[in-house]
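Notes to accompany the following structure.
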Amino acid sequence: MDSIIVRGNGPLNGQIPIAGAKNACLALMPATLLSEEPLTLTNAPRLSDIRTMTELLASLGAEVAALQDGKVLASSSHGEINPVADYDIVRKMRASNLVLGPLLARLGHAVVSLPGGCAIGARPMDIHIDALEALGAQIELREGYLHAKTQGGLKGAVHEMRFASVGATENFLMAATLAKGTSVLKNAAREPEIVDLARCLRAMGAQIEGEGTSTIEIQGVDRLHGATHPVVTDRIELGTYMLAPAICGGEVECLGGRIELVESFCEKLDAAGISVEETAAGLKVKRKNGRVRAVDVVTEPFPGFPTDLQAQMMALLCTAEGTSVLEEKIFENRFMHAPELMRMGAKIEVHGGHATVHGVEKLRGARVMATDLRASVSLILAGLAAEGETVVSRVYHLDRGYERVEEKLSAVGAHIERVKGE
(Lines give C-alpha, C1' and ligand atoms only; values in the text may rest on other atoms or scores of the structure.)
Protein backbone atom coordinates (compact mmCIF):
# COMPACT_ATOMS: atom_id res chain seq x y z
CA MET A 1 0.00 0.00 0.00
CA ASP A 2 1.09 3.58 -0.66
CA SER A 3 2.44 5.81 2.10
CA ILE A 4 2.75 9.58 2.45
CA ILE A 5 5.98 11.03 3.82
CA VAL A 6 5.76 14.50 5.38
CA ARG A 7 8.62 16.59 6.71
CA GLY A 8 7.83 19.61 8.85
CA ASN A 9 9.50 22.65 7.33
CA GLY A 10 7.81 25.83 8.51
CA PRO A 11 5.19 28.22 7.11
CA LEU A 12 3.09 27.62 3.99
CA ASN A 13 2.34 30.36 1.48
CA GLY A 14 0.43 30.53 -1.80
CA GLN A 15 -2.87 29.38 -3.28
CA ILE A 16 -4.70 26.06 -3.18
CA PRO A 17 -7.60 25.40 -5.62
CA ILE A 18 -10.55 23.68 -3.94
CA ALA A 19 -12.30 20.91 -5.89
CA GLY A 20 -15.99 20.20 -6.33
CA ALA A 21 -17.63 18.50 -3.37
CA LYS A 22 -17.24 14.74 -3.18
CA ASN A 23 -20.38 14.30 -1.07
CA ALA A 24 -22.40 16.49 -3.42
CA CYS A 25 -21.16 14.75 -6.56
CA LEU A 26 -21.91 11.29 -5.13
CA ALA A 27 -25.54 12.34 -4.65
CA LEU A 28 -25.80 14.11 -8.01
CA MET A 29 -24.51 11.18 -10.06
CA PRO A 30 -27.40 8.77 -9.23
CA ALA A 31 -29.85 11.46 -10.36
CA THR A 32 -29.04 10.37 -13.91
CA LEU A 33 -31.18 7.27 -13.23
CA LEU A 34 -34.25 9.52 -12.94
CA SER A 35 -34.24 10.51 -16.63
CA GLU A 36 -33.55 9.01 -20.03
CA GLU A 37 -31.92 12.28 -21.10
CA PRO A 38 -28.25 13.20 -20.46
CA LEU A 39 -27.05 14.72 -17.18
CA THR A 40 -23.72 16.56 -17.26
CA LEU A 41 -21.88 17.55 -14.08
CA THR A 42 -19.09 20.13 -14.24
CA ASN A 43 -16.51 20.92 -11.52
CA ALA A 44 -16.47 17.23 -10.60
CA PRO A 45 -13.74 16.04 -8.18
CA ARG A 46 -11.26 13.43 -9.38
CA LEU A 47 -11.48 10.82 -6.64
CA SER A 48 -11.63 7.07 -6.21
CA ASP A 49 -15.15 7.34 -4.73
CA ILE A 50 -16.29 9.02 -7.95
CA ARG A 51 -14.82 6.15 -9.93
CA THR A 52 -16.64 3.68 -7.67
CA MET A 53 -19.97 5.45 -8.24
CA THR A 54 -19.23 5.45 -11.98
CA GLU A 55 -18.66 1.69 -11.79
CA LEU A 56 -21.88 1.19 -9.85
CA LEU A 57 -23.96 3.27 -12.28
CA ALA A 58 -22.45 1.38 -15.23
CA SER A 59 -23.45 -1.90 -13.60
CA LEU A 60 -27.02 -0.57 -13.47
CA GLY A 61 -27.03 0.26 -17.18
CA ALA A 62 -26.10 3.95 -17.11
CA GLU A 63 -23.34 5.37 -19.29
CA VAL A 64 -20.87 7.70 -17.55
CA ALA A 65 -17.91 9.35 -19.29
CA ALA A 66 -15.22 11.42 -17.57
CA LEU A 67 -14.23 14.37 -19.77
CA GLN A 68 -11.74 17.26 -19.48
CA ASP A 69 -9.33 15.30 -17.26
CA GLY A 70 -12.21 14.04 -15.13
CA LYS A 71 -13.62 17.46 -14.22
CA VAL A 72 -16.76 16.87 -16.31
CA LEU A 73 -18.98 13.81 -15.92
CA ALA A 74 -21.38 13.16 -18.81
CA SER A 75 -24.00 10.52 -18.03
CA SER A 76 -27.05 8.98 -19.64
CA SER A 77 -29.57 6.34 -18.59
CA HIS A 78 -31.46 6.01 -21.85
CA GLY A 79 -31.20 2.24 -22.10
CA GLU A 80 -32.46 -0.69 -20.05
CA ILE A 81 -31.83 -0.23 -16.32
CA ASN A 82 -30.71 -3.12 -14.11
CA PRO A 83 -32.38 -2.88 -10.66
CA VAL A 84 -29.67 -4.81 -8.75
CA ALA A 85 -26.80 -2.96 -7.02
CA ASP A 86 -24.33 -5.71 -6.26
CA TYR A 87 -22.40 -6.15 -3.01
CA ASP A 88 -19.00 -6.29 -4.71
CA ILE A 89 -19.34 -2.63 -5.71
CA VAL A 90 -21.61 -1.24 -2.99
CA ARG A 91 -19.36 -2.54 -0.18
CA LYS A 92 -16.63 -0.07 -1.20
CA MET A 93 -18.57 3.09 -0.41
CA ARG A 94 -21.38 4.26 1.86
CA ALA A 95 -22.87 6.62 -0.74
CA SER A 96 -23.78 3.64 -2.94
CA ASN A 97 -27.09 3.50 -1.10
CA LEU A 98 -28.13 6.67 -2.97
CA VAL A 99 -29.18 4.60 -5.98
CA LEU A 100 -32.08 3.14 -3.99
CA GLY A 101 -34.43 6.13 -4.27
CA PRO A 102 -33.81 6.78 -7.99
CA LEU A 103 -34.23 3.08 -8.88
CA LEU A 104 -37.55 2.92 -7.02
CA ALA A 105 -38.73 6.10 -8.72
CA ARG A 106 -37.65 4.96 -12.21
CA LEU A 107 -38.49 1.24 -12.09
CA GLY A 108 -40.76 0.73 -9.10
CA HIS A 109 -38.40 -1.90 -7.66
CA ALA A 110 -34.77 -2.34 -6.65
CA VAL A 111 -32.38 -4.74 -4.94
CA VAL A 112 -29.50 -2.88 -3.25
CA SER A 113 -26.76 -4.33 -1.08
CA LEU A 114 -26.12 -2.80 2.31
CA PRO A 115 -23.22 -0.36 1.82
CA GLY A 116 -19.66 -0.09 3.13
CA GLY A 117 -17.22 2.81 3.54
CA CYS A 118 -15.05 4.05 6.39
CA ALA A 119 -15.26 2.18 9.71
CA ILE A 120 -16.36 5.19 11.75
CA GLY A 121 -19.37 3.67 13.44
CA ALA A 122 -22.90 2.59 12.67
CA ARG A 123 -24.69 4.51 9.93
CA PRO A 124 -27.97 2.64 9.82
CA MET A 125 -30.19 2.33 6.76
CA ASP A 126 -33.41 2.36 8.76
CA ILE A 127 -33.79 6.14 8.38
CA HIS A 128 -33.58 5.70 4.59
CA ILE A 129 -36.04 2.81 4.74
CA ASP A 130 -38.55 4.76 6.83
CA ALA A 131 -38.38 7.70 4.44
CA LEU A 132 -38.94 5.59 1.32
CA GLU A 133 -41.64 3.50 2.98
CA ALA A 134 -43.48 6.75 3.70
CA LEU A 135 -43.67 7.18 -0.09
CA GLY A 136 -45.26 3.76 -0.46
CA ALA A 137 -42.23 1.50 -0.89
CA GLN A 138 -42.17 -1.97 0.63
CA ILE A 139 -38.67 -2.88 1.76
CA GLU A 140 -37.27 -6.08 3.25
CA LEU A 141 -33.73 -7.00 4.26
CA ARG A 142 -32.72 -10.45 3.03
CA GLU A 143 -29.19 -11.87 2.97
CA GLY A 144 -27.54 -8.47 3.13
CA TYR A 145 -29.68 -6.89 0.39
CA LEU A 146 -32.56 -4.43 0.59
CA HIS A 147 -35.39 -5.74 -1.60
CA ALA A 148 -37.64 -2.78 -2.41
CA LYS A 149 -40.81 -2.56 -4.47
CA THR A 150 -43.90 -0.42 -4.92
CA GLN A 151 -47.52 -1.10 -5.75
CA GLY A 152 -48.38 1.20 -8.63
CA GLY A 153 -45.44 3.54 -8.10
CA LEU A 154 -44.42 5.92 -5.33
CA LYS A 155 -46.99 8.29 -3.86
CA GLY A 156 -46.51 11.67 -2.23
CA ALA A 157 -46.60 11.78 1.56
CA VAL A 158 -45.61 13.81 4.62
CA HIS A 159 -42.69 12.31 6.56
CA GLU A 160 -40.69 13.53 9.53
CA MET A 161 -37.27 12.00 10.07
CA ARG A 162 -36.16 11.31 13.64
CA PHE A 163 -32.64 12.44 12.67
CA ALA A 164 -31.62 14.91 9.98
CA SER A 165 -29.81 12.32 7.87
CA VAL A 166 -28.13 13.73 4.76
CA GLY A 167 -28.29 10.46 2.82
CA ALA A 168 -31.91 9.78 3.72
CA THR A 169 -32.85 13.33 2.72
CA GLU A 170 -31.15 12.80 -0.64
CA ASN A 171 -32.85 9.44 -1.24
CA PHE A 172 -36.28 10.87 -0.31
CA LEU A 173 -35.71 13.96 -2.45
CA MET A 174 -34.80 12.00 -5.58
CA ALA A 175 -37.56 9.45 -5.12
CA ALA A 176 -40.24 12.09 -4.48
CA THR A 177 -39.49 13.98 -7.71
CA LEU A 178 -41.32 11.27 -9.68
CA ALA A 179 -43.88 10.29 -7.01
CA LYS A 180 -47.56 10.98 -7.60
CA GLY A 181 -48.68 14.07 -5.70
CA THR A 182 -47.00 16.27 -3.12
CA SER A 183 -44.35 15.12 -0.65
CA VAL A 184 -43.15 16.99 2.42
CA LEU A 185 -40.01 16.02 4.31
CA LYS A 186 -39.69 17.42 7.83
CA ASN A 187 -36.49 17.55 9.88
CA ALA A 188 -34.65 17.40 6.55
CA ALA A 189 -30.89 17.81 6.42
CA ARG A 190 -29.83 21.37 5.56
CA GLU A 191 -26.31 20.78 4.22
CA PRO A 192 -25.06 22.63 1.13
CA GLU A 193 -24.93 19.25 -0.64
CA ILE A 194 -28.73 18.98 -0.22
CA VAL A 195 -29.18 22.46 -1.68
CA ASP A 196 -26.92 21.52 -4.59
CA LEU A 197 -28.90 18.34 -5.31
CA ALA A 198 -32.20 20.24 -5.22
CA ARG A 199 -30.85 22.81 -7.67
CA CYS A 200 -29.73 20.08 -10.04
CA LEU A 201 -33.08 18.27 -9.83
CA ARG A 202 -34.88 21.56 -10.43
CA ALA A 203 -32.74 22.09 -13.53
CA MET A 204 -33.96 18.65 -14.64
CA GLY A 205 -37.59 19.76 -14.26
CA ALA A 206 -38.35 18.81 -10.66
CA GLN A 207 -40.60 21.03 -8.54
CA ILE A 208 -38.86 21.53 -5.19
CA GLU A 209 -39.10 24.22 -2.52
CA GLY A 210 -37.46 24.69 0.87
CA GLU A 211 -34.03 23.14 0.37
CA GLY A 212 -31.59 24.50 2.94
CA THR A 213 -34.34 24.57 5.57
CA SER A 214 -35.68 21.76 7.75
CA THR A 215 -38.83 21.36 5.61
CA ILE A 216 -38.66 20.48 1.92
CA GLU A 217 -41.73 20.23 -0.33
CA ILE A 218 -41.67 18.28 -3.59
CA GLN A 219 -44.43 18.26 -6.17
CA GLY A 220 -44.07 15.07 -8.21
CA VAL A 221 -43.79 15.34 -11.99
CA ASP A 222 -44.30 12.73 -14.72
CA ARG A 223 -40.75 12.91 -16.07
CA LEU A 224 -37.44 14.69 -15.71
CA HIS A 225 -35.26 15.92 -18.58
CA GLY A 226 -31.54 16.39 -19.06
CA ALA A 227 -29.47 19.21 -17.59
CA THR A 228 -25.96 20.57 -17.02
CA HIS A 229 -25.05 21.38 -13.43
CA PRO A 230 -21.86 22.62 -11.67
CA VAL A 231 -20.92 20.73 -8.49
CA VAL A 232 -20.70 22.97 -5.42
CA THR A 233 -17.28 23.64 -3.81
CA ASP A 234 -16.17 20.93 -1.35
CA ARG A 235 -16.55 22.52 2.08
CA ILE A 236 -14.63 19.69 3.76
CA GLU A 237 -11.62 19.98 1.47
CA LEU A 238 -11.91 23.74 1.95
CA GLY A 239 -11.82 23.45 5.74
CA THR A 240 -8.97 20.97 5.59
CA TYR A 241 -6.70 23.23 3.56
CA MET A 242 -7.69 26.25 5.65
CA LEU A 243 -6.13 24.42 8.59
CA ALA A 244 -2.78 24.01 6.84
CA PRO A 245 -1.55 27.60 7.48
CA ALA A 246 -3.31 27.57 10.84
CA ILE A 247 -1.13 24.64 11.90
CA CYS A 248 2.11 25.57 10.11
CA GLY A 249 1.97 29.35 9.93
CA GLY A 250 2.09 31.38 6.75
CA GLU A 251 -0.79 32.59 4.56
CA VAL A 252 -2.78 30.46 2.12
CA GLU A 253 -5.64 31.49 -0.17
CA CYS A 254 -8.16 28.71 -0.79
CA LEU A 255 -9.53 29.37 -4.28
CA GLY A 256 -13.28 28.90 -4.66
CA GLY A 257 -13.96 29.01 -0.92
CA ARG A 258 -16.98 30.80 0.53
CA ILE A 259 -17.68 31.68 4.17
CA GLU A 260 -21.28 30.44 4.05
CA LEU A 261 -20.05 26.90 3.37
CA VAL A 262 -17.95 26.79 6.56
CA GLU A 263 -19.38 29.49 8.82
CA SER A 264 -19.45 27.52 12.09
CA PHE A 265 -15.94 26.22 11.37
CA CYS A 266 -14.70 29.78 10.77
CA GLU A 267 -16.15 30.84 14.13
CA LYS A 268 -13.98 28.23 15.86
CA LEU A 269 -10.93 29.30 13.88
CA ASP A 270 -11.51 32.89 14.94
CA ALA A 271 -11.74 31.83 18.60
CA ALA A 272 -8.48 29.88 18.17
CA GLY A 273 -6.69 32.96 16.81
CA ILE A 274 -6.92 32.25 13.08
CA SER A 275 -7.84 35.00 10.61
CA VAL A 276 -10.14 34.18 7.67
CA GLU A 277 -10.54 36.89 5.04
CA GLU A 278 -12.85 36.77 2.03
CA THR A 279 -11.18 37.66 -1.26
CA ALA A 280 -12.40 37.95 -4.84
CA ALA A 281 -11.08 34.44 -5.51
CA GLY A 282 -11.82 32.63 -2.24
CA LEU A 283 -10.71 32.69 1.41
CA LYS A 284 -7.31 33.80 2.73
CA VAL A 285 -6.20 32.19 6.00
CA LYS A 286 -3.39 33.01 8.44
CA ARG A 287 -2.66 33.07 12.18
CA LYS A 288 -3.48 36.38 13.87
CA ASN A 289 -0.44 36.30 16.15
CA GLY A 290 1.48 33.81 18.25
CA ARG A 291 0.38 30.35 19.30
CA VAL A 292 -3.07 28.96 18.53
CA ARG A 293 -5.51 29.05 21.45
CA ALA A 294 -7.50 26.05 22.73
CA VAL A 295 -11.21 25.90 21.85
CA ASP A 296 -14.02 23.44 22.52
CA VAL A 297 -15.77 21.81 19.58
CA VAL A 298 -19.09 19.94 19.30
CA THR A 299 -19.93 18.26 15.99
CA GLU A 300 -23.51 18.76 14.80
CA PRO A 301 -25.55 18.58 11.61
CA PHE A 302 -25.22 21.61 9.32
CA PRO A 303 -25.07 24.51 10.06
CA GLY A 304 -23.12 23.23 13.08
CA PHE A 305 -19.48 22.17 13.15
CA PRO A 306 -18.98 19.36 10.58
CA THR A 307 -18.06 15.90 11.82
CA ASP A 308 -15.90 15.57 8.70
CA LEU A 309 -13.60 18.34 10.01
CA GLN A 310 -13.31 17.04 13.58
CA ALA A 311 -10.14 14.98 13.02
CA GLN A 312 -8.39 17.84 11.22
CA MET A 313 -9.40 20.29 13.96
CA MET A 314 -7.97 17.92 16.55
CA ALA A 315 -4.63 18.04 14.73
CA LEU A 316 -4.64 21.84 15.10
CA LEU A 317 -5.56 21.73 18.78
CA CYS A 318 -2.76 19.29 19.60
CA THR A 319 -0.33 22.24 19.65
CA ALA A 320 -2.76 24.88 20.95
CA GLU A 321 -2.18 26.78 24.18
CA GLY A 322 -4.48 25.26 26.81
CA THR A 323 -6.91 22.35 26.92
CA SER A 324 -9.63 21.67 24.33
CA VAL A 325 -12.59 19.30 24.50
CA LEU A 326 -14.05 17.81 21.33
CA GLU A 327 -17.47 16.16 21.50
CA GLU A 328 -18.48 13.87 18.61
CA LYS A 329 -22.28 13.74 18.34
CA ILE A 330 -22.65 12.34 14.82
CA PHE A 331 -20.61 9.10 14.78
CA GLU A 332 -19.79 7.14 17.90
CA ASN A 333 -16.45 5.73 16.74
CA ARG A 334 -14.68 8.70 15.20
CA PHE A 335 -11.66 9.25 17.43
CA MET A 336 -9.51 6.49 15.95
CA HIS A 337 -6.98 9.10 14.85
CA ALA A 338 -6.31 10.09 18.47
CA PRO A 339 -3.92 7.18 19.28
CA GLU A 340 -2.00 7.92 16.07
CA LEU A 341 -1.64 11.59 16.99
CA MET A 342 -0.44 10.47 20.42
CA ARG A 343 2.37 8.57 18.69
CA MET A 344 3.52 12.01 17.53
CA GLY A 345 3.57 13.38 21.08
CA ALA A 346 0.02 14.68 21.38
CA LYS A 347 -1.66 14.49 24.81
CA ILE A 348 -5.21 13.24 24.26
CA GLU A 349 -7.70 11.47 26.50
CA VAL A 350 -10.72 9.80 24.92
CA HIS A 351 -13.81 8.90 26.94
CA GLY A 352 -16.71 7.72 24.78
CA GLY A 353 -17.85 10.61 22.61
CA HIS A 354 -15.47 13.12 24.20
CA ALA A 355 -11.79 13.77 23.54
CA THR A 356 -9.75 16.07 25.78
CA VAL A 357 -6.68 17.55 24.08
CA HIS A 358 -3.93 19.09 26.22
CA GLY A 359 -1.89 21.26 23.88
CA VAL A 360 1.85 20.68 23.59
CA GLU A 361 4.42 23.06 22.13
CA LYS A 362 5.58 20.69 19.41
CA LEU A 363 4.71 17.37 17.78
CA ARG A 364 7.38 14.89 16.66
CA GLY A 365 7.45 12.96 13.42
CA ALA A 366 6.55 9.26 13.67
CA ARG A 367 5.23 6.30 11.72
CA VAL A 368 1.43 6.42 11.88
CA MET A 369 -1.49 4.65 10.22
CA ALA A 370 -4.57 6.15 8.59
CA THR A 371 -7.76 4.58 9.95
CA ASP A 372 -10.29 6.40 7.76
CA LEU A 373 -10.58 9.18 5.19
CA ARG A 374 -10.56 12.25 7.45
CA ALA A 375 -8.12 10.71 9.93
CA SER A 376 -5.60 10.23 7.11
CA VAL A 377 -5.48 13.93 6.24
CA SER A 378 -5.40 14.95 9.91
CA LEU A 379 -2.16 12.98 10.29
CA ILE A 380 -0.71 14.71 7.24
CA LEU A 381 -1.60 18.11 8.70
CA ALA A 382 0.00 17.16 12.00
CA GLY A 383 3.10 15.97 10.14
CA LEU A 384 3.45 19.33 8.40
CA ALA A 385 4.01 21.01 11.77
CA ALA A 386 5.96 18.20 13.49
CA GLU A 387 9.70 18.03 13.99
CA GLY A 388 11.30 15.48 11.70
CA GLU A 389 9.66 12.98 9.36
CA THR A 390 6.16 11.54 9.55
CA VAL A 391 5.21 8.46 7.53
CA VAL A 392 1.46 7.94 7.07
CA SER A 393 0.58 4.42 5.90
CA ARG A 394 -2.68 3.00 4.48
CA VAL A 395 -3.43 6.22 2.61
CA TYR A 396 -5.83 4.53 0.18
CA HIS A 397 -8.50 6.16 2.36
CA LEU A 398 -7.08 9.55 1.38
CA ASP A 399 -7.72 9.06 -2.33
CA ARG A 400 -11.42 8.61 -1.65
CA GLY A 401 -11.84 12.24 -0.61
CA TYR A 402 -8.84 14.38 -1.60
CA GLU A 403 -7.57 14.83 -5.13
CA ARG A 404 -3.84 15.36 -5.67
CA VAL A 405 -3.16 16.26 -2.04
CA GLU A 406 0.62 16.05 -2.44
CA GLU A 407 0.51 18.37 -5.46
CA LYS A 408 -1.68 20.96 -3.73
CA LEU A 409 0.35 21.07 -0.52
CA SER A 410 3.69 21.04 -2.34
CA ALA A 411 2.58 24.10 -4.31
CA VAL A 412 2.40 26.14 -1.08
CA GLY A 413 5.76 24.94 0.23
CA ALA A 414 5.08 21.67 2.02
CA HIS A 415 7.65 18.85 1.92
CA ILE A 416 5.38 15.93 1.10
CA GLU A 417 5.71 12.92 -1.18
CA ARG A 418 3.93 9.68 -1.93
CA VAL A 419 5.83 6.40 -1.81
CA LYS A 420 4.30 3.60 -3.86
CA GLY A 421 3.69 0.34 -2.03
CA GLU A 422 4.63 -3.05 -3.37
Please find, within the stretch 138-187, the residue that is nearest to residue 108 (Cα to Cα) out of those that are aromatic (Phe, Trp, Tyr) and surrounded by fewer than 20 Cβ atoms within 10 Å (Cβ to Cβ). 145
From the list 185, 146, pick out the single residue that is within 22 Å of residue 307 (Cβ to Cβ) and either without any contact (Cβ under 8 Å) to a residue 12 or more places away in the chain or not in a helix (DSSP H, G or I) (or both). 185
Within the stretch 328-405, which strands (runs of 3 or more DSSP E) (wholly inside it) include 1 or more residues that are touching a Pro at 6+ places or on another chain (Cβ under 7 Å), more than 24 Å from residue 295 (Cβ to Cβ) and not aromatic (Phe, Trp, Tyr)? none
Of the residues 237, 211, which single one is buried (at least 17 other Cβ atoms within 10 Å of the Cβ) and either part of a helix (DSSP H, G or I) or at positive phi (or both)? 237
Could you please find all residues in the stretch 341-375 being surrounded by 23 or more Cβ atoms within 10 Å (Cβ to Cβ), free of Cβ contacts under 8 Å to residues at least 40 places away in the same chain and closer than 16 Å to residue 310 by Cα? 346, 370
Residue check: is residue 86 surrounded by fewer than 22 Cβ atoms within 10 Å (Cβ to Cβ), within 19 Å of residue 148 (Cα to Cα) and acidic (Asp, Glu)? yes
Go through the stretch 67-94 and give me each residue that's among the basic types (Lys, Arg) and modelled with pLDDT under 95. 91, 92, 94
Can you name the number of the only condition in (1) in a helix (DSSP H, G or I); (2) over 20 Å from residue 232 (Cβ atoms); (3) among the acidic types (Asp, Glu) that residue 49 fails? (2)
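For every residue, the table says whether it meets (1) assigned to a helix (DSSP H, G or I); (2) assigned by TED's automatic domain parsing to the domain that holds residue 381; (3) surrounded by fewer than 20 Cβ atoms within 10 Å (Cβ to Cβ); (4) at pLDDT below 95.
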{"residue": "14", "(1), (2), (3), (4)": "no, yes, yes, no"}
{"residue": "26", "(1), (2), (3), (4)": "yes, no, no, no"}
{"residue": "37", "(1), (2), (3), (4)": "no, no, yes, no"}
{"residue": "40", "(1), (2), (3), (4)": "no, no, yes, no"}
{"residue": "44", "(1), (2), (3), (4)": "no, no, no, no"}
{"residue": "54", "(1), (2), (3), (4)": "yes, no, yes, no"}
{"residue": "102", "(1), (2), (3), (4)": "yes, no, no, no"}
{"residue": "110", "(1), (2), (3), (4)": "no, no, no, no"}
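Rundown of residues vs (1) in the same structural domain as residue 78 (by TED's automatic domain parsing); (2) surrounded by fewer than 18 Cβ atoms within 10 Å (Cβ to Cβ); (3) of a type in the set (Gly, Ala, Ser), yes/no style:
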residue: 215; (1), (2), (3): yes, yes, no
residue: 223; (1), (2), (3): yes, yes, no
residue: 226; (1), (2), (3): yes, yes, yes
residue: 246; (1), (2), (3): no, no, yes
If the Cβ limit is 9 Å and pairs must be 6+ apart or interchain, which residue in the stretch 386-398 that is more than 17 Å from residue 312 (Cβ to Cβ) and assigned by TED's automatic domain parsing to the domain that holds residue 363 pairs with which residue that is assigned to a helix (DSSP H, G or I) and among the polar types (S, T, N, Q)? 394/376; 396/48; 396/376
Based on this model, can you work out whether residue 281 counts as touching a Leu at 6+ places or on another chain (Cβ under 6 Å), assigned by TED's automatic domain parsing to the domain that holds residue 410 and at pLDDT 95 or above? yes
Considering only the stretch 188-208, how many residues are surrounded by fewer than 21 Cβ atoms within 10 Å (Cβ to Cβ), assigned to a helix (DSSP H, G or I) and among the small types (Gly, Ala, Ser)? 1
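The values are calculated or read from the model by the stated rules, or taken from the named source; none is laboratory data. Remember, it's a predicted structure, so these values are computed and weren't measured experimentally. FYI the Cβ positions are ideal-geometry reconstructions off the backbone, even for glycines, and counts take in every protein chain you see.
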